[in-house]
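Worksheet for the structure shown next.
The values are calculated or read from the model by the stated rules, or taken from the named source; none is laboratory data. Only a predicted model underlies this, so the values are computations on that prediction, with no experimental measurement involved. Here the Cβ positions follow ideal geometry from the backbone for every residue, glycine too, while neighbour counts run over all protein chains shown. Protein only, heavy atoms only, side chains kept; ligands, DNA and RNA dropped before computing areas. Shrake-Rupley method; radii C 1.70, N 1.55, O 1.52, S 1.80 Å.
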Amino acid sequence: MTALDTPALGDLLRGNKRPIVYCRRCLIPETKPDIFFDDNGVCSACRNFENRDDVDWDARRVELEEVLDRYRSSDGSSYDCIIGVSGGKDSTTQVIRMLELGMNPLCVTATTDELSDIGRRNIENLKSLGVDFIEYTTNQIVRRRVNKLALCQVGDISWPEHVTIFTLPVRLAVQMGIKLIVWGENSQNEYGGPAAAATDNTLTRRWLEEFGGLLGLRVSDLVGQAGIEPKHLVPYRYPSDEDLARVGVTGIFLGYYMPWDGLQNAIFAQSYGFETWHKTIEGSLCNYENLDNHQSGIHDYFKYIKYGFGRATDIASMHVRRDRLRRSDALDLVKIHDGKFPWTYLDKPVEEILANIDMTFDEFVAVCDRFTNKRLFVTDRHGELVRDERMELTKINHDNLS
Ligand SMILES: [Zn+2]
């Protein structure tokens with residue numbers, strides 16, 4: 001840590017600092033991967049959201065029922081679909097919607113990295129809705145090693161989770177001969193991504209590889225590191241295109257067929273027993289999402305230090321798009337909550353979370369510094385990151401400069 005020695009903005013602009021450009025409608029910065037800004041300075045996530053006005057949702061609903069009818073087991077001898085679930089607000093809502101539509105789903109949980117108590121209760125709540133359920137737990141010794149490797153190599157502790165939430169339902173679909181996988185939101189649509197991907201309503205191997213959060217670290221890259229052998233990585237591998245074609249596995253995003261909204265889903269899921277946290281979650285603006293994994297705080301913090309925005313910005317931007325929050329108010333909230341050093345998550349101290357992946361606090365800080373984009377944060381005259389006594393960084397700018 002160094003003493004605060006903030007250069008004047010003019011110096012920053014003359015140096016190698018780069019003021020962040022933000023969407024003029026929401027608060028998403030242009031540093032976000034796969035986001036595009038149009039000539040009016042509005043991001044692709046906002047434009048995608050606007051396009052919802054042109055959608056005939058009644059027609060989409062009919063389309064959904066037709067798709068489900070096509071895949072429904074005619075004689076009850078098999079499941080109608082697989083739903084990848086975490087027990088969160090969205091997957092709880094997905095399951096209820098599928099039951100309402102008369103589907104007989106097999107729910108599959110790819111167990112998260114460090115399951116919280118509230119996460120456990122929400123999984124049990126989901127089971128109590130009356131569905132068959134597979135909870136797939138990967139080898140925990142290997143998993144913790146992968147968490148650490150991914151954190152150190154690509155700055156994403158949640159890499160194995162992001163891989164297995166896609167691979168495991170697809171693997172089980174192939175193995176059990178279930179053709180339809182029902183996903184919730186196409187994350188590229190809400191969060192902003194290439195237009196061609198945002199209108200795609202099926203999940204393909206190519207989609208996983210492009211947008212599934214692999215960050216350039218391939219599953220095969222893990223072999224030989226930290227004692228990891230090919231046999232340890234079975235659940236992390238996506239089935240081959242041949243296997244997918246043989247069974248005829250396809251995936252749909254419910255967000256394509258019904259307007260997706262996290263807050264609505266939270267309210268809906270709560271009336272079916274979904275539990276929220278008793279206060280605003282660290283680094284967030286709400287209490288109803290990302291409740292299941294103690295490592296989420298570290299994951300979100302790395303997004304902040306790499307790209308200059310965190311979970312609070314995502315949530316604020318979603319509410320701004322829906323006119324539930326004024327942009328100026330959202331900006332004030334983001335300044336308070338976004339990108340805080342992850343001292344705790346769901347009240348668990350960071351030292352305990354790190355101990356589970358065999359990492360010390362000092363090692364962690366060194367990894368943080370290595371992944372921090374120094375062009376986005378204040379540094380001292382020696383080019384070292386400036387952290388205050390609470391380890392907080394200072395962003396160069398929170399909004400557009402003109
Ligand atoms: Zn925007």
Task: Built amide H within the under 5 Å cut-off of Gly251, gap 5+ - done: Ile181, Leu203
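Could you report region 99-154's accessible area per residue, 1.4 Å probe, as an integer in Å²?
Working: 2200 Å² over 56 residues.
Averaged over the residues of region 99-154, the accessible area is 39 Å².
Considering every Cα-Cα pair within region 256-305, what fraction, in whole percent, is farther apart than 14 Å?
On the way: 731 of 1225 pairs.
So the portion of pairs separated by more than 14 Å is 60 percent.
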Open item on the list: Applying a 10 Å radius around every beta-carbon, put 280-289, 135-144 in order of their mean neighbour count, most first.
Closed with: 280-289, 135-144
Task: When region 313-368 is reduced to its Cα atoms, the Kirkwood hydrodynamic radius in Å - done: 13.3 Å
Task: Cys152, Cys26, ranked by accessible area, largest first (probe 1.4 Å) - done: Cys152, Cys26
Open item on the list: To check my understanding: the extent here is largest minus smallest coordinate of the Cα atoms along each principal axis. What are those three numbers for region 31-104, in Å, largest first?
Closed with: 54, 29, 18
Open item on the list: As I understand it, the value is the acute angle between the Cα axis of helix 296-307 and the longest principal axis of the Cα atoms of the chain; what does it come to in degrees, rounded to 10?
Closed with: 60 degrees
Task: Label-zone membership for region 255-280, site Glu63, 7 angstrom Cα→C-beta point, backbone N under 14 Å - done: 255-260
- [ ] Starting from the amide H of Gly339, placed 1.01 Å from N in the peptide plane, find each other amide H under 5 Å away whose residue is 5 or more places distant or on another chain.
- [x] Gly310, Arg311, Ala312
Open item on the list: Give me, ordered by chain and number, the residues 5 or more places off Thr109 or on other chains with an amide H under 5 Å from its own placed amide H.
Closed with: Val85, Ile134, Glu135, Tyr136
Open item on the list: What does the extension gain come out to for Arg246 and Asp39, with contour length at 0.36 nm per residue minus their alpha carbon separation?
Closed with: 70.0 nm
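Starting from the Kirkwood radius over alpha-carbon pairs of region 249-402, derive D by Stokes-Einstein at 4 °C in a medium of 1.567 mPa s and give it in µm² s⁻¹. Walk me through the numbers on the way to the answer.
Details: Rh = 17.3 Å.
Estimated via Stokes-Einstein, D reaches 75 µm²/s.
Under unit Cβ charges (Lys, Arg +1; Asp, Glu -1), what dipole magnitude, rounded to 20 debye, does the chain have relative to its Cα centre?
So the magnitude is around 580 debye.
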- [ ] Percent of Cα-Cα pairs per 10 Å bin, from 0 to the last occupied bin, for region 225-316, please list those.
- [x] 12, 26, 29, 28, 5
Task: Neighbour net charge for Asp54 - beta-carbon separation under 13 angstrom, K R +1, D E -1 - done: 0
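Taking 0.36 nm per residue of sequence separation and subtracting the Cα-Cα distance, how much length would be gained by fully extending the chain between Lys335 and Asp399, in nm to one decimal?
Working: separation 64, 0.36 × 64 = 23.04 nm, distance 1.02 nm.
Extending this stretch completely gives an extra 22.0 nm.
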Open item on the list: Using the Cα centre of region 275-402 as origin and beta-carbon charges of +1 (Lys, Arg) and -1 (Asp, Glu), tell me which of Leu325, Ile315, Ile353 is placed farthest towards the positive end of the dipole.
Closed with: Leu325
TODO: For region 114-173, go through all pairs of different Cα atoms, get the mean of 1/r, take its inverse, and jot down that Kirkwood value in Å.
DONE: 13.2 Å
Task: Simple Cβ-charge dipole of region 233-338, Lys/Arg +1 and Asp/Glu -1, about Cα centre, in debye nearest 20 - done: 300 debye
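What net charge is computed for the residues neighbouring Glu289, neighbours being all others with C-beta under 9 Å from the C-beta of Glu289, Lys and Arg scored +1, Asp and Glu -1?
Numbers: positive: Lys89, Arg311; negative: Asp90.
Result for the local shell: +1.
If region 334-402 were replaced by its equivalent ellipsoid, with semi-axes equal to the square roots of 5 times the Cα gyration tensor eigenvalues, what would those be, largest first, whole Å?
Working: eigenvalues 124, 51, 17 Å².
Values for region 334-402, descending: 25, 16, 9 Å.
Take the Cα pairs of region 77-141, get the Kirkwood Rh, then feed it into Stokes-Einstein at 4 °C and 1.567 mPa s and tell me D in µm²/s.
107 µm²/s
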Open item on the list: From the mean inverse distance of alpha carbon pairs (Kirkwood) and the Cα radius of gyration, derive Rg over Rh for region 21-169.
Closed with: 1.05
TODO: In whole Hz, with x marking every Gly and Pro, tabulate ³J(HN,Hα) for region 319-334 from phi via Karplus 6.51 cos²θ - 1.76 cosθ + 1.60, θ = phi - 60°.
DONE: 6, 4, 4, 8, 6, 9, 8, 6, 4, 5, 5, 4, 4, 4, 5, 4
Open item on the list: Over 29 Å between Cα atoms: which of Lys179/Lys279; Lys179/Lys231; Lys127/Lys335; Lys89/Lys348 fall into that group?
Closed with: Lys179/Lys279; Lys127/Lys335
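Could you sort 252-259, 383-390, 311-318 so that the peptide with the highest average Cβ count within 10 Å comes first and the rest follow in order?
Values: 252-259: 19.0, 383-390: 13.0, 311-318: 26.1.
Descending mean neighbour count gives 311-318, 252-259, 383-390.
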- [ ] Along Cα→Cβ, 7 Å out, is where each label goes; now give me the distance between the ones at Arg52 and Phe361 in nm to one decimal.
- [x] 4.2 nm
Task: Hz values of 3J(HN,Hα) by residue in region 22-36 - Karplus curve (6.51, -1.76, 1.60), Gly and Pro given as x - done: 10, 4, 7, 9, 9, 10, 6, x, 5, 6, 5, x, 6, 9, 10
TODO: Report Rg (one decimal) and Dmax (nearest whole number) for the chain, counting Cα atoms only, units Å.
DONE: 21.5, 72
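Restricting everything to alpha-carbon atoms, can you work out Rg to Rh for region 270-360 with a Kirkwood hydrodynamic radius?
Details: Rg = 14.0 Å, Rh = 13.9 Å.
That ratio equals 1.01.
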